1. Binned at 10 Å from 0, what are the whole-percent values of the Cα-Cα distance distribution for the range 20-80, short to long?
2. Let me check I have the definition right: for the range 72-111, take the eigenvalues of the Cα gyration tensor, multiply each by 5, take square roots. What are those semi-axes in whole Å, largest first?
3. Taking the simple approach of a point 7 Å from Cα along Cα-to-Cβ for both residue 77 and residue 89, what is their distance in nm?
4. Run the numbers for residue 27 and residue 61: contour at 0.36 nm per residue of separation, minus the present Cα-Cα distance, in nm.
5. What residues from the range 30-72 fall in the zone where the backbone N is under 19 Å from a label point 7 Å along the Cα-to-C-beta line of residue 97?
């Protein structure tokens, strides 16, 4: 019977130096930051558009999904015309209104 079998272990040099690891970490952080901006930006823009158009900013709950945030922002920005406020009584009126139903003042229609 033969004696115990010894396997020679050959150590190979590590191909990644500390500077390579640092470069990889910086690239990962930069890509992550860009992805975060691309996710948060439509939510912020959509909330601003909702406030400007005087509609509920809760549309931006679609921003939980990154693509949903961009779609909701586009609907708020381009799909909904602004509401009309009465200059006399400050009532929010329907977008198509020509006269205020409360006080009868003629409303200036803002067509985009």
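Each reported figure results from applying straightforward, stated rules to the coordinates on display, with no laboratory input. No experiment lies behind these values; they were computed from the predicted model shown. Because the Cβ atoms are built from the backbone with ideal geometry, glycine has one as well, and the counts that use them run over all protein chains shown.
1. 25, 39, 18, 13, 5, 0
2. For the range 72-111, the ellipsoid semi-axes come out as 23, 9, 7 Å.
3. Computed distance between label sites residue 77 and residue 89 equals 3.6 nm.
4. Using 0.36 nm per residue and subtracting the Cα-Cα distance, I get 9.2 nm.
5. 51-56
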